[in-house]
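Peer 1: Got a structure here, written out as structure tokens. Questions coming.
The values are calculated or read from the model by the stated rules, or taken from the named source; none is laboratory data. If you're wondering where the values come from, they're calculated on a predicted model, not measured in any experiment. Neighbour counts run over all protein chains shown; Cβ positions are idealised from the backbone, glycine included.
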Amino acid sequence: MRGKKIAFTKGSSANYLLAKALKSAGIKWADIEPANLTPADARAAFQQGKVDAWVTWDPFYAAAQAQIDIRVVKDSKGLAANRDFYLANQSFAQPNPKIIEAIREETQAVATWADANPKEVVKILAPLLKIDVSILDVVTRRRSYGFEPIQADMVAEQQEIADTFFELGLIPKQLKVEEVVWKPGN
């Protein structure tokens, strides 16, 4: 990838994955030509040969695999966990731990159902998201809908992302992720 023009969305999980993949291959960020593009613009640039590579996430990844002739150079396995997070203001979270726990329990119940019923999930989500059923089926089977409380390893992962983005100049100061993680009872 050295010397190549690589499309990704700045500040996204794709941005982080690219940084990790380059580092694992011994390539410096300065050795590539970054192209900050939205997924739709990146796909068009990739298909038109205006960029050499494209780093993205599902459902864009699954759509590219199904619809265009691509070769996957590297996926996130071993490089990035690609987690989703639920966010709340501290002014809400701190005085409402029972509500947060009720949301977690209900979300986990739905997630357990979704993980066990991927075909039904696709039927529900495809018309809402306006994504082709076959593509959404791939996306749904690749992910887990589980809801788990934040653990120390997750905080460490997020700290590594924050540190990487600081080193790349995407955020103006170093962050301490631990300082913004909600802990019931604090």
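Peer 1: Would you confirm whether or not region 13-33 contains a residue that is in contact (Cβ under 8 Å) with a residue 40 or more places away in the chain, in contact with a strand residue (DSSP E or B) (Cβ under 8 Å, 6 or more places away or on another chain) and in a strand (DSSP E or B)?
Peer 2: No, because not a single residue in region 13-33 is in contact (Cβ under 8 Å) with a residue 40 or more places away in the chain, in contact with a strand residue (DSSP E or B) (Cβ under 8 Å, 6 or more places away or on another chain) and in a strand (DSSP E or B).
Peer 1: Same structure, new question: Which of the numbered conditions does Glu179 fail, given that it passes all the others? Conditions: (1) at pLDDT 95 or above; (2) in a helix (DSSP H, G or I); (3) not polar (S, T, N, Q).
Peer 2: Looking at each condition in turn, Glu179 falls short on (1).
Peer 1: Let me ask you something else. List every residue pair whose Cβ atoms sit under 8 Å apart, with the two residues 6 or more apart in sequence or on different chains, where the first one lies in region 152-181 and is on the phi < 0 side of the Ramachandran plot and the second, anywhere, is of a type in the set (Asp, Glu) and in a helix (DSSP H, G or I).
Peer 2: Cβ pairs passing all conditions: Val155/Glu178; Gln159/Glu178; Gln174/Asp163.
Peer 1: Go through region 18-36 and give me each residue that's exposed (fewer than 13 other Cβ atoms within 10 Å of the Cβ) and closer than 10 Å to Leu79 by Cα.
Peer 2: Matches in region 18-36: Ser24 only.
Peer 1: Kindly indicate the residue of region 1-12 that is assigned to a strand (DSSP E or B) and among the hydrophobic types (A, V, I, L, M, F, W, C) and also surrounded by the fewest Cβ atoms within 10 Å (Cβ to Cβ) among those meeting that condition. Can you show your working first?
Peer 2: Initially, region 1-12 is screened for residues assigned to a strand (DSSP E or B), giving 5-8.
Still in the list and also among the hydrophobic types (A, V, I, L, M, F, W, C): 6-8.
Numbers: Ile6: 20, Ala7: 26, Phe8: 25.
Here the residue is Ile6.
Peer 1: In region 143-159, what residues are surrounded by 14 or more Cβ atoms within 10 Å (Cβ to Cβ), in a helix (DSSP H, G or I) and of a type outside the set (Val, Ile, Thr)?
Peer 2: Selection gives Met154, Glu157, Gln158, Gln159.
Peer 1: What helices (runs of 4 or more DSSP H) lie completely within region 34-140 and have 2 or more residues being free of Cβ contacts under 8 Å to residues at least 24 places away in the same chain and over 20 Å from the mean Cα position of the chain (by Cα)? Spell out how you get there, then give the answer.
Peer 2: Values: elements: 39-47, 60-67, 90-93, 97-116, 118-129.
Those helices (runs of 4 or more DSSP H) span 39-47, 90-93, 97-116, 118-129.
Peer 1: Quick check on region 1-33: of everything there that is aromatic (Phe, Trp, Tyr) and within 21 Å of Pro59 (Cα to Cα), which residue is farthest from the chain's Cα centre (by Cα)?
Peer 2: Selected residue: Phe8.
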